[in-house]
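Structure record follows, encoded as structure tokens.
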Amino acid sequence: MKKSKTAPSATAKSQAFPRLMITPTVLVLLVMTAYPVAYTCFYSFTNYKYPKPWKFLGLKNFVSLLTNSAFRTAIWNTVKFCILAVVFEVVIGLLLAAFVNSFGHGKKVLVVLFLLPYLLPQITVALTWKMMLSKNYGIVNQVFAFLHLPTHNFFMEVGTAFNTIVLIDVWQNVPFVFLMLYAMLQSVPDSQYEAAKMDGANAVQTFFHVTIPNIRDGILLCALLRTIDSFRLFDKVNVLTGGGPAGSTSTITQFLYNYGIKNLKFGYGSAGALLMALLVLLLSSVYIRRTIR
């Protein structure tokens, strides 16, 4: 009888200890994550503008956003940027990973060199490119002028501003995809490459029939992570163009900053943040369903 009484007590203690240890982490997550999310959801249905008292509006903020042509343009710019950036980053990162993995020596040096852009802060990258592409003193326009080519005000022309920001983002974030896929390539069995070689497969056939099938889940994971991160683009746009010219580079986050946070319209901004979260979930659902399957 004594054993039957002491055994449950020991089990209860062994179960209580890990719960006690994770309690501080759970509390921090609740304060830092759950509370802000609940706060945002609540104020998205109000007209809260600091420091004025709030009033419940129902769905008026959401209707106002969805009927705003500038917000719809920002959505389209964000989705377009996300698709272009993710496609280029995944494709270029995959090719770089396969290229470096084919080297017999010098891999470590190449890995370090390719990672350098990703190690720089986004603001530093934006300011550096802003100087290089400056209309007046940028080295790129100076080279164009030397070659008797037309110069451009890259960040103030509708035809170049959006594509320039895509280029800068791809340059900085390709190393992230490269590193993840390069690490996954190390797990591909050499026996599969040897079998493909014995079957007479060339480099292209080996790449599509051996390399890609083995790291397909890794490619999808990179696409998912880059989709989520690209959708939150703000720093580069805010520093380089501020959403201009003529709204051609305005993203959802830049729109919410200009028309919500900047004017202290937290209710309006909260509604936009919820819509952005829903769009991210919608775009990510394809990858999530594929991963679960």
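The values are calculated or read from the model by the stated rules, or taken from the named source; none is laboratory data. Fair warning: this is a prediction, and the values are worked out from it, not measured in the lab. A quick note on method: Cβ atoms are made from the backbone with ideal geometry, for glycine too, and the neighbour counts reach across all protein chains shown.
Of (1) over 19 Å from the mean Cα position of the chain (by Cα); (2) crowded, with 19+ Cβ neighbours inside 10 Å, Ile252 satisfies all except one. Which?
In the conditions (1) over 19 Å from the mean Cα position of the chain (by Cα); (2) crowded, with 19+ Cβ neighbours inside 10 Å, Ile252 misses (1) alone.
Identify, by number, the condition in (1) within 21 Å of Ala273 (Cβ to Cβ); (2) free of Cβ contacts under 8 Å to residues at least 12 places away in the same chain; (3) within 21 Å of the chain's Cα centre (by Cα) that Asn68 doesn't meet.
With (1) within 21 Å of Ala273 (Cβ to Cβ); (2) free of Cβ contacts under 8 Å to residues at least 12 places away in the same chain; (3) within 21 Å of the chain's Cα centre (by Cα) applied to Asn68, the lone miss is (3).
Let me spell it out: the conditions are (1) in a helix (DSSP H, G or I); (2) surrounded by 19 or more Cβ atoms within 10 Å (Cβ to Cβ); (3) in contact (Cβ under 8 Å) with a residue 40 or more places away in the chain; (4) not aliphatic (A, V, I, L, M), and Gly269 meets all of them except one. Which number is the exception?
Every listed condition holds for Gly269 apart from (3).
Among the residues of segment 137-159, is any aliphatic (A, V, I, L, M), over 22 Å from Phe99 (Cβ atoms) and touching a residue at least 60 places away in the same chain (Cβ under 8 Å)?
yes
Might you check whether a residue that is aromatic (Phe, Trp, Tyr), modelled with pLDDT of 85 or more and more than 25 Å from Leu120 (Cβ to Cβ) occurs anywhere in segment 221-237?
There is no residue in segment 221-237 that is aromatic (Phe, Trp, Tyr), modelled with pLDDT of 85 or more and more than 25 Å from Leu120 (Cβ to Cβ).
Taking into account only those residues within segment 43-70 that are among the aromatic types (Phe, Trp, Tyr) and modelled with pLDDT under 90, which is surrounded by the most Cβ atoms within 10 Å (Cβ to Cβ)?
Looking at residues that are among the aromatic types (Phe, Trp, Tyr) and modelled with pLDDT under 90, I get Tyr48.
Restricting to segment 113-139, and then to whatever is of a type in the set (Val, Ile, Thr) and loosely packed, with under 14 Cβ neighbours inside 10 Å, can you tell me which residue is nearest to the chain's Cα centre (by Cα)?
By that ranking, first place goes to Ile123.
Restricting attention to segment 90-109, and to residues there that are touching a Leu at 6+ places or on another chain (Cβ under 9 Å) and touching a residue at least 40 places away in the same chain (Cβ under 8 Å), which single residue is surrounded by the fewest Cβ atoms within 10 Å (Cβ to Cβ)?
Asn101
Tell me, please, whether a residue that is in a helix (DSSP H, G or I) and at pLDDT below 85 can be found in segment 172-192.
Yes, there is a match, as at least one residue in segment 172-192 is in a helix (DSSP H, G or I) and at pLDDT below 85.
Of these, Val237, Val204, Val210, which one is within 21 Å of Thr128 (Cβ to Cβ), of a type outside the set (Phe, Trp, Tyr) and assigned to a helix (DSSP H, G or I)?
Being within 21 Å of Thr128 (Cβ to Cβ), of a type outside the set (Phe, Trp, Tyr) and assigned to a helix (DSSP H, G or I) holds for just one of Val237, Val204, Val210, which is Val237.
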